[in-house]
1. Quick check: anything in the range 284-307 of a type in the set (Ser, Thr, Tyr) and farther than 16 Å from ILE95 by Cβ?
2. Confirm whether ALA135 is small (Gly, Ala, Ser) and under 21 Å from ASP91 (Cβ atoms).
3. Would you pick out the residues in the range 243-262 that are crowded, with 19+ Cβ neighbours inside 10 Å and in contact with a strand residue (DSSP E or B) (Cβ under 7 Å, 6 or more places away or on another chain)?
4. Going through the range 76-104 one residue at a time, which ones are part of a loop (DSSP other than H, G, I, E, B), free of Cβ contacts under 8 Å to residues at least 40 places away in the same chain and closer than 28 Å to GLY297 by Cβ?
5. Among the numbered criteria (1) β-branched (Val, Ile, Thr); (2) buried (at least 17 other Cβ atoms within 10 Å of the Cβ); (3) touching a residue at least 60 places away in the same chain (Cβ under 8 Å), which one does VAL192 miss?
6. Regarding MET86, is this residue more than 11 Å from ALA32 (Cα to Cα), within 8 Å of ligand 1 (Cβ to nearest atom), modelled with pLDDT of 95 or more and not acidic (Asp, Glu)?
7. From the residues in the range 196-212 that are closer than 16 Å to LEU307 by Cβ and surrounded by fewer than 21 Cβ atoms within 10 Å (Cβ to Cβ), which one is farthest from ligand 1 (Cβ to nearest atom)?
8. Which pairs do you get when a residue that is at negative phi, found in the range 222-239, comes within reach of a residue that is more than 10 Å from ligand 2 (Cβ to nearest atom) and of a type in the set (D, E, K, R), reach meaning Cβ atoms under 8 angstrom, with the pair 6+ apart or on two chains?
Amino acid sequence: AAPTASKAVGISASRTFTSSTTAQNKVAVVGAAGGIGQPMSLLLKLSGKIEHLSLFDIVNTPGVAADIGHCNTHGKVTSHTGPEEMSTALDGCDIVVIPAGVPRKPGMSRDDLFNTNASIVKGIAEQCAKSCPKACFLIISNPVNSTVPIFADVLKSAGVFHPGKLMGVTTLDVCRAKTFVAENQGMDVDKVEVDVIGGHAGTTIMPLLSQIPGAKFSDEDIKALTHRIQFGGDEVVKAKDGAGSATLSMAHAGAYFAGRVLDGLDGQADIKECTFVECDITDAPFFASPCTLGKEGVSEIHGFKNLSSFEQALVDDNVDSLKKMAKKGSDFVKNSQ
Ligand code: NAD
Ligand code: LMR
């Protein structure tokens, strides 16, 4: 459904249409009963921005939906479980947020999840291509550097790929960057702006610390902060000690990013967030950079400029890995046809 906003329209002194600035919209969470899915669905419900929150998982969705549905905030919640209910869950969606798939355990890389998550993401993309081809797709499932290319290739073969509507969610990297920089600089975390470009795995995560207004870092700080942002996911995996990876901070990041995409669809101006999209700003087919979000998803990809020599070296060193990870995703789709 196309988002529409209605405002109060007085047609006579005695008759006035209902006032509402909330868009008519449907947002689905695929993987809604998982570690990320549950708290993210709760935050989406609490946002009050969503008319219809459609929760889908292969197990346990009814309990999650019944529970979240009792929150007295705007919008209805529906529950859908298993492949036979997936098309109803997705039908007419404006946004589909996808945290489906297995998380890491200590000692694993995100790429170690490829064998399991590639098929899960491919299957979800195939159903999305049929049920809601015009939706914005927000991919959380790891390895993002490969799952986004997988999703793109499935949509492309179905003839329904809209480059501005497929976004890898890299918001957690930005959240970490803002948190760690605010701590280091003694800044108000609400006022810190940091762009994080590249991808979402290890050194492909590239925070542009040289560009933060008002911040001053030593060379050692730059190295240490960059490393901490790049490996923030590992910090959580280690602390959880076998119980999974980041779920709560990711729920916050995912709900925040989905809210910003909704604001863009709703016609709000100047919505800018970093996200991983198909683009030609480097030789890698997908790359994260600040993007403007508009009525059709990403309306402008801003890329990057004025890099420090440290940041330029990071980009130079990581484009090849991003190309390889994208190719691994594309090859998977090609070979499984
Ligand atoms: P989890 O195991 O707790 O939850 C995953 C959920 O996906 C489960 O409820 C499972 O039933 C569901 N699922 C599996 N196959 C499905 C399918 N075909 N359709 C619908 N649902 C399906 O895992 P989690 O901790 O929530 O993490 C989920 C994914 O998100 C992992 O791949 C993890 O690596 C990734 N992640 C990404 C980021 C990021 O920044 N992009 C951050 C954290 C985690
Ligand atoms: C993160 O950055 O926290 C996620 O990608 C999960 C992980 O495996 O680290």
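The values are calculated or read from the model by the stated rules, or taken from the named source; none is laboratory data. Remember, it's a predicted structure, so these values are computed and weren't measured experimentally. Neighbour counts are summed over all protein chains in view; Cβ atoms, including those assigned to glycine, are modelled from backbone coordinates with ideal geometry.
1. Yes, because at least one residue in the range 284-307 is of a type in the set (Ser, Thr, Tyr) and farther than 16 Å from ILE95 by Cβ.
2. yes
3. GLY254, PHE257, ALA258, VAL261, LEU262
4. The one that is part of a loop (DSSP other than H, G, I, E, B), free of Cβ contacts under 8 Å to residues at least 40 places away in the same chain and closer than 28 Å to GLY297 by Cβ: VAL102.
5. Failing condition for VAL192: (3).
6. yes
7. Within the range 196-212, the match that is farthest from ligand 1 (Cβ to nearest atom) is SER210.
8. From the range 222-239, the pairs are GLU235/ARG228.
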